[in-house]
Structures are given as C-alpha cells and as structure tokens.
Amino acid sequence: MSGEIKRIGTLDIEPSAAHLDTTFFIIQKIGICIMSVLLLGGIFGLFGSGILGPTTAVKGSLQITYNKFTRLQATNVFHINIIPSRDHSTQSSDLRLWIDQSFFKKISIKSLSPTPSSEEIRNNKIIYSFHASDNSQTSQIILAIEPEEFGHSHAEMGLINSNNDKIKIHQFIYP
C-alpha cells in the first residue's frame with residue numbers, strides 16, 4: 001500500500017479514497033446544475049413552445065412566424081403569411097418576397113414552398129416571385145433552412161408592395 005489507512009470518524013479510509021469522494025461530490029453538483037439549466041430551458045420553451053419558443057412578427061400585409069432560438073444544423077421553418085389588403089382588386093397577381101442576401105451566408109435553404117416563379121438579385125436582396133391564384137385569401141410561403149454557424153443571426157424580409165412592408169428577424173443559433 002502506498003499510504004497508511006487513516007481513521008475518519010468511525011470509518012477507516014485510505015487518503016486516496018477520501019480524495020475520490022470529494023471529486024465525485026463536485027461532479028454530482030456540476031451535473032445537477034446542467035440538468036437544472038436544461039429543465040428550465042425546456043419549461044421556458046427553448047426546445048418548443050413557450051417564452052423562448054416561436055414568435056410571430058407582423059408588419060402591414062406581412063406576417064412571419066419563426067423560432068427565436070434554434071439548433072445548429074437542424075431544420076428551422078419560417079411560416080410567411082401574406083395577408084391581402086382590404087382593396088385586393090388593385091393587387092397584382094404576383095407576390096414578391098425579398099430576403100436580405102447576408103442571411104444566406106450563414107444558412108442553407110432546404111426547401112421553399114411553393115416554388116417561386118422567378119428569382120432575382122437586386123440591391124443585396126434576393127427577390128422571389130410567387131403567383132397568387134386568389135388575391136382575396138392569405139397566401140402562405142414556407143421557407144425551411146438549416147443554420148451553418150452558431151451565434152446571433154439577423155436578417156430582413158419584406159414584400160415589394162405599395163407599403164414596402166419589412167420585418168427584422170433575430171435568432172440565436174446554439175450548438
């Protein structure tokens with residue numbers, strides 16, 4: 001034996017075994033802290049709906065629902081609704097949605113539904129045109145992306161219409 005056995009209280013313990021007891025105690029406390037943070041995150045919606053879950057931003061005819069917090073390399077869906085104006089007789093049959101070109105530096109597009117009738121790049125914006133079959137009903141566009149970098153991400157999305165409605169998107173991507 002490398003060391004002699006010492007009496008601690010009513011127990012006979014080797015000095016190296018006493019050190020292990022302290023190490024396991026510290027590991028246990030760290031584990032409890034990590035589990036508590038994950039539990040609180042779940043309660044507040046970090047992994048689904050809740051305070052930290054999805055949010056909806058509205059500006060004029062444009063409404064976007066998205067997750068404020070999302071995971072790196074996990075599919076993240078934007079639900080983009082275009083609400084018709086009260087006087088939809090003057091609306092054109094094409095919907096034109098633009099997205100800041102800088103947004104695409106940190107993400108990859110998994111799907112865009114419906115498929116745009118045309119795409120163009122102008123003034124650091126990617127403009128998608130969609131054919132609207134009925135101007136009296138809300139049109140929905142679903143954009144599925146996959147973040148490629150973690151950290152704070154922001155972008156602007158908007159409509160090319162008489163009001164030039166635009167919304168700033170703020171997300172945090174965690175590893």
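The values are calculated or read from the model by the stated rules, or taken from the named source; none is laboratory data. The structure displayed is predicted, hence computed values, not measured ones. Ideal geometry is used to build each Cβ from the backbone, glycine not excepted, and the neighbour counts take in all protein chains shown. Please note that ligands, DNA and RNA were not included when accessible areas were found on the heavy atoms of the full protein model with its side chains. Shrake-Rupley method; radii C 1.70, N 1.55, O 1.52, S 1.80 Å.
Once the Cα-Cα distance is subtracted from the 0.36 nm per residue extended length, the SER85 to PHE25 segment shows a gain of 15.3 nm. The simple spin-label model puts a point 7 Å past each Cα toward its Cβ; for ASN161 and LEU72 those points are separated by 3.8 nm.
Computed extension gain for VAL58 through LEU39, at 0.36 nm per residue and net of the alpha carbon distance, reaches 3.8 nm. Take the alpha carbon gyration tensor of the stretch 97-175, find the square roots of its eigenvalues, order them as a ≥ b ≥ c, and report rounded if a/c is under 1.5; if not, report prolate when a/b exceeds b/c, else oblate. The shape class here is prolate. Using heavy atoms of the protein chains and a probe of 1.4 Å, the accessible area assigned to ILE82 is about 10 Å². For the set ARG71, ARG122, ARG96, solvent exposure ranked by accessible area (probe 1.4 Å, protein chains only) runs largest to smallest as ARG71, ARG122, ARG96. Taking all protein chains together and a 1.4 Å probe, the residues TYR174, TYR128 rank TYR174, TYR128 from largest to smallest accessible area.
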